[in-house]
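Student: Quick one: this structure, given as structure tokens, is what I'll be asking you about.
The values are calculated or read from the model by the stated rules, or taken from the named source; none is laboratory data. Values in this document were obtained by computation on a predicted structure and should not be read as measured data. Please note: Cβ atoms are built from the backbone with ideal geometry, for glycine as well, and neighbour counts cover all protein chains shown.
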Amino acid sequence: MDDEVLITGGYVVTMDDDLGDVPGGDVRILNGVITEIGTGLRPGSPDTEIVDARGRIVMPGMIDTHRHTWQGAIAAYTPQITGYGYGPVVLSGITLDHTAEDVYAGTLWGALQALDAGITSIGDWAHALRSAEHADGNLRGLKESGIRGVFFCGGPGPATDDPNPPHPVDARRMRDENFPGNGMNGRLRMGMWLRGPAFTSAERNREDFAFARELGLPISVHVGMAGTADAIPVLQSDELLGDDINYVHCNMLTDEEFDLVRSSGGTITLTPSTDMLMQFGTYPATGPTLETLARNEMVHEVELNQRDMLRLATIGGALVLGIADETGSLTPGKQGDVVLVDMRSPHLDGYGDPVAMLGLGAGPADVETVLVGGEFLKRDGALVGGHIERARELMHQTQDRLRARVQRRERAALQTH
Ligand SMILES: [Zn+2]
């Protein structure tokens, strides 16, 4: 028997150029796949699950192309840290306190945080993989959450005396064991994060890129943060630029460097809240509009609007992760990755374009319903499933263990002074 979900009477924002917005619109999902978008759709059977979307925006699940998901258990551990401080305090600090079980618990909780916010696909930049067990734990957390996306595997572990270690061959095992054949593992596929020229020697960087490309995996690197080296020119001179690379942050890139990224077919991930929090640059890498700020000029309007931002957060993200044939817009034939945002609250019931109101005021608490592949993962404003309370318990156990380890380290450091 067919499994049908019919979402009715919502303000449907398809993010599909051919379909546009459909006020008072309906979305039919059959066996996990969007089959029809329109008005006045009738349920196909008495068993059809009908979702009343009046007063809600119905939109594609959002896509976060860069998330260190394993950090789900350490929120607010370092609320004032900059990018520069992140290395010693997190990467060489509390990261090393994480066992494989902690990485699993943190990743599961981190992926649930994303789903709760209406993010149905992520690029998980998994940089706490000190052993094969850590990598397996990370992947298990992603899988159990039900989220879609790309598991960017990598990591300079296991712990070694080499101050600049090569990427582990474990990525090969991970690919062969968990992503064989068509490269899919349920809703997940695999990529590799590389340190890139900003964080390793030119020689190691060339080896890293060669390794990822030998494995046939898409690449993600951090570039262009304040205080880091000229990554793009190094990649260019080593002939490493390519359309298989996603560049993250990019705050301090020059116009020439953006041109190199564009002409080589690479993609960019913007990280605006992190940029401000962690001092990665003066403003996000959103282009010429913001250069008026640099020139101290006044303008009547900015070029980017809330609809542009929603486009970046949906179909744009899908293109970056290489999953646009599967998700990123409400298009018949794509997966039923759908989010309902309740727009009836005082802060969202506005005068103008509902999408502008969404961009200006909506947050995770306004996300009422989340479906991934037609499966309800959030409903009536709460995450769904017996695994949620278990995940919360695991996350709290991890926090307790981490607190004990951090305190032990701090005491040991005091004693040596
Ligand atoms: Zn990052």
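Student: Mind checking which residues of the range 234-257 are within 16 Å of the ligand (Cβ to nearest atom) and more than 25 Å from Gly85 (Cα to Cα)?
Tutor: Ile245
Student: Being in a loop (DSSP other than H, G, I, E, B), crowded, with 22+ Cβ neighbours inside 10 Å and touching a Leu at 6+ places or on another chain (Cβ under 7 Å) is the filter here, so list the residues in the range 21-64 that pass it. Walk me through how you get there before you give the answer.
Tutor: The initial filter retains those residues of the range 21-64 that are in a loop (DSSP other than H, G, I, E, B), namely 31-32, 39-48, 53-55, 61.
Then drop every residue that is not crowded, with 22+ Cβ neighbours inside 10 Å, which leaves 53, 61.
The answer is Ala53, and nothing else.
Student: Moving to a separate point now. Enumerate the pairs (first residue in the range 302-321 and of a type in the set (Asp, Glu); second residue anywhere and surrounded by fewer than 16 Cβ atoms within 10 Å (Cβ to Cβ)) with beta-carbon separation below 9 Å, excluding pairs fewer than 6 apart on the same chain, so at least 6 apart or on different chains.
Tutor: Glu303/Gly287; Glu303/Pro288; Glu303/Thr289
Student: Can you confirm whether Val261 is more than 16 Å from the ligand (Cβ to nearest atom), under 27 Å from Asp16 (Cβ atoms) and touching a Phe, Trp or Tyr at 6+ places or on another chain (Cβ under 8 Å)?
Tutor: In short, yes.
Student: Also, quick follow-up: Specify the residue that is nearest to Leu194 (Cα to Cα); the eligible residues are those in the range 216-233 that are surrounded by fewer than 18 Cβ atoms within 10 Å (Cβ to Cβ) and more than 16 Å from the ligand (Cβ to nearest atom). Don't jump to the end; show me each part of the working.
Tutor: Step one: list which residues in the range 216-233 are surrounded by fewer than 18 Cβ atoms within 10 Å (Cβ to Cβ), which gives 216, 226-227, 229-230, 233.
From what's left, more than 16 Å from the ligand (Cβ to nearest atom): 216, 229-230, 233.
Values: Gly216: 14, Ala229: 15, Asp230: 16, Pro233: 16 Å.
Among those that are surrounded by fewer than 18 Cβ atoms within 10 Å (Cβ to Cβ) and more than 16 Å from the ligand (Cβ to nearest atom), it is Gly216.
Student: For the range 111-129, name all the residues that are within 16 Å of the ligand (Cβ to nearest atom) and under 11 Å from Leu371 (Cα atoms).
Tutor: Residue satisfying the conditions is Ile119 alone.
Student: Please go through (1) away from the ligand (no atom under 16 Å from the Cβ); (2) in a loop (DSSP other than H, G, I, E, B); (3) crowded, with 23+ Cβ neighbours inside 10 Å for Pro197 and return the number of the only condition it doesn't satisfy.
Tutor: Condition not satisfied by Pro197: (1).
Student: Also, quick follow-up: Could you tell me which residue of the range 264-282 is farthest from Ile81 (Cα to Cα), considering only residues that are more than 15 Å from the ligand (Cβ to nearest atom) and surrounded by fewer than 15 Cβ atoms within 10 Å (Cβ to Cβ)?
Tutor: Gly265
Student: In the range 259-279, which residues are in contact (Cβ under 8 Å) with a residue 40 or more places away in the chain and hydroxyl-bearing (Ser, Thr, Tyr)?
Tutor: Thr267, Thr269, Thr271
Student: I've got another one for you. What's the total number of residues in the range 65-94 that are closer than 28 Å to Gly146 by Cβ and either within 13 Å of the ligand (Cβ to nearest atom) or assigned to a strand (DSSP E or B) (or both)?
Tutor: Applying the first criterion (closer than 28 Å to Gly146 by Cβ) to the range 65-94 yields 65-77, 90, 94.
Filter once more, so that each one left must be either within 13 Å of the ligand (Cβ to nearest atom) or assigned to a strand (DSSP E or B) (or both): 65-71, 90.
Within the range 65-94, residues that are closer than 28 Å to Gly146 by Cβ and either within 13 Å of the ligand (Cβ to nearest atom) or assigned to a strand (DSSP E or B) (or both) number 8.
Student: Mind checking whether some residue in the range 47-67 is free of Cβ contacts under 8 Å to residues at least 60 places away in the same chain, closer than 24 Å to Gln279 by Cα and not polar (S, T, N, Q)?
Tutor: Our first condition is that a residue be free of Cβ contacts under 8 Å to residues at least 60 places away in the same chain; within the range 47-67, this holds for 47-50, 52, 54, 67.
Those still in the list that are closer than 24 Å to Gln279 by Cα too: 67.
Of the ones still in play, those that are also not polar (S, T, N, Q) are 67.
Checked the range 47-67: at least one residue is free of Cβ contacts under 8 Å to residues at least 60 places away in the same chain, closer than 24 Å to Gln279 by Cα and not polar (S, T, N, Q).
Student: Turning to a different aspect of this structure: Quick one: would you say Leu290 is modelled with pLDDT of 95 or more and not assigned by TED's automatic domain parsing to the domain that holds Gly9? If you could, list the steps in order and put the result at the bottom.
Tutor: Working: modelled with pLDDT of 95 or more: no; not assigned by TED's automatic domain parsing to the domain that holds Gly9: yes.
Criteria not met by Leu290.
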